[in-house]
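Just below is one structure, and these are the notes that go with it.
The values are calculated or read from the model by the stated rules, or taken from the named source; none is laboratory data. The model shown is predicted, which means the values in this text are computed figures rather than measured ones. Heads up, the Cβs are rebuilt from the backbone with ideal geometry, glycines too, and the neighbour counts pull from every protein chain shown. Ligands, DNA and RNA are stripped out before the accessible areas are found, and what is left, the full protein with its side chains, is counted by its heavy atoms. Shrake-Rupley method; radii C 1.70, N 1.55, O 1.52, S 1.80 Å.
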Amino acid sequence: MRTSVATVCLSGGLVEKLRACASAGFDGVEIMDADLVAAYESPEEIRTLCERLGLTIDMYQPFRDVESVEEQVFADNLRRADAKFDVMERLGTDLILLCSNAGTATIDDDDLAAEQLGRLADLAAERGIRIAYEALAWGRFVDDYRRAWRIVQKADRPNLGICLDSFHILSRAHDPAGIEEIPGEKIFFLQLADAPALDMDVLQWSRHHRLFPGEGDFDLTGFLGHVLRAGYTGPLSLEVFNDTFRQTPVFRTAAHARRSLTWLADRTAHAERLD
């Protein structure tokens, strides 16, 4: 089991976060754009530090509000993408998270979304970059992983797949059983988070109240079982937005996060054996 964690889960600056992740025993990290922008160090220095710490940079994220837009807007989005790809090359990572468009100017047209994602993927392919498309729970039109997968299928590019996030799926009460219909090689990344059962705006729920596995009300054991049965072989990664965790001591929180993944993996393996 390879493990990863998004730097947004932790408090402090990027260098301190990376050292805490390595100390806790994580194999890799997802580097958040905001953490990199705020860091004094260059992308090359962050890349070198990760190599020294034994951490892989598994994904760079996020890239937002790209697809299903008018052509002039999309042309601007391609220029934004090129700048992101420059940063990724400097970091030495080949996977970027693309969130489904949440903007009010988004057009409800899967064919247009697929066509534009295909063109974005072609641009990324020139740089050896892969794109993991994620259905945000508050996406303007694409808020269900099953619709995201249909769009990815329509686009039909080898370097375009999906990212599955337990919060975005389970907060909407979408049935995760359909994950098993997705070829494992097209699940480019997996993000895990628990959460308490709350009746509130899903964006605010996501941004402030996620928890590490085993601390909330989501059936993460069942969710992970579906993902593994689909044939996913990538890292188990945590993406937990929580105001408290972003204020607690970083080394303690990182160790706590790593233990939560061990707990989840053990519980899931036990459940699979019983089945």
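Quick rundown of the values:
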| quantity | calculated |
| --- | --- |
| Counted residues, the stretch 203-257 - those being without any contact (Cβ under 8 Å) to a residue 60 or more places away in the chain, part of a helix (DSSP H, G or I), open to solvent by less than 20 Å² (accessible area, probe 1.4 Å) and closer than 20 Å to Gly28 by Cα | 1 |
| Arg2 vs. criteria open to solvent by 40 Å² or more (accessible area, probe 1.4 Å) and in contact with a Pro (Cβ under 9 Å, 6 or more places away or on another chain) | yes |
| Yes/no for Lys186 being under 27 Å from Asp94 (Cβ atoms) and within 17 Å of the chain's Cα centre (by Cα) | yes |
| Leu136 being part of a loop (DSSP other than H, G, I, E, B) and either modelled with pLDDT under 95 or within 24 Å of Glu185 (Cα to Cα) (or both) | yes |
| Tally of residues being without any contact (Cβ under 8 Å) to a residue 60 or more places away in the chain and either closer than 18 Å to Gln61 by Cα or under 18 Å from the mean Cα position of the chain (by Cα) (or both) across the stretch 14-39 | 12 |
| Checking Leu198 against (1) touching a helix residue (DSSP H, G or I) at 6+ places or on another chain (Cβ under 7 Å); (2) in contact (Cβ under 8 Å) with a residue 40 or more places away in the chain; (3) of a type outside the set (Ser, Thr, Tyr), the condition it does not meet | (2) |
| Of all residues in the stretch 227-244 being more than 18 Å from the chain's Cα centre (by Cα) and modelled with pLDDT under 95, the one that is nearest to Tyr60 (Cα to Cα) | Asp243 |
| Unmet requirement for Gly103, which otherwise passes all of (1) open to solvent by 10 Å² or more (accessible area, probe 1.4 Å); (2) modelled with pLDDT of 95 or more | (2) |
| Positions within the stretch 113-155 being closer than 21 Å to Met88 by Cα and charged (D, E, K, R), in sequence order | Arg119, Asp122, Glu126, Arg127, Arg130, Glu134 |
| Meets criteria (modelled with pLDDT under 95 and more than 30 Å from Phe26 (Cα to Cα)) for Gly118 | no |
| Answer residue from the stretch 146-185, given it is assigned to a helix (DSSP H, G or I) and of a type in the set (Asp, Glu) and is nearest to Gly118 (Cα to Cα) among those | Glu185 |
| Matching option when the condition is under 18 Å from Gly225 (Cβ atoms) and touching a residue at least 24 places away in the same chain (Cβ under 8 Å), among Gly139, Gly178, Gly128 | Gly178 |
| Count - residues of the stretch 9-27 that are surrounded by fewer than 22 Cβ atoms within 10 Å (Cβ to Cβ) and closer than 27 Å to Val227 by Cβ | 4 |
| Hey, Asp76 free of Cβ contacts under 8 Å to residues at least 40 places away in the same chain, under 30 Å from Val142 (Cα atoms), open to solvent by 20 Å² or more (accessible area, probe 1.4 Å) and outside any loop (DSSP other than H, G, I, E, B) or not | yes |
| Matching option when the condition is closer than 21 Å to Gly231 by Cβ, in contact with a His (Cβ under 7 Å, 6 or more places away or on another chain) and either among the hydroxyl-bearing types (Ser, Thr, Tyr) or surrounded by fewer than 18 Cβ atoms within 10 Å (Cβ to Cβ) (or both), among Tyr145, Tyr133 | Tyr145 |
| Restricting the stretch 39-61 to residues that are of a type outside the set (A, V, I, L, M, F, W, C) and more than 16 Å from Ser4 (Cα to Cα), the residue that is surrounded by the fewest Cβ atoms within 10 Å (Cβ to Cβ) | Tyr40 |
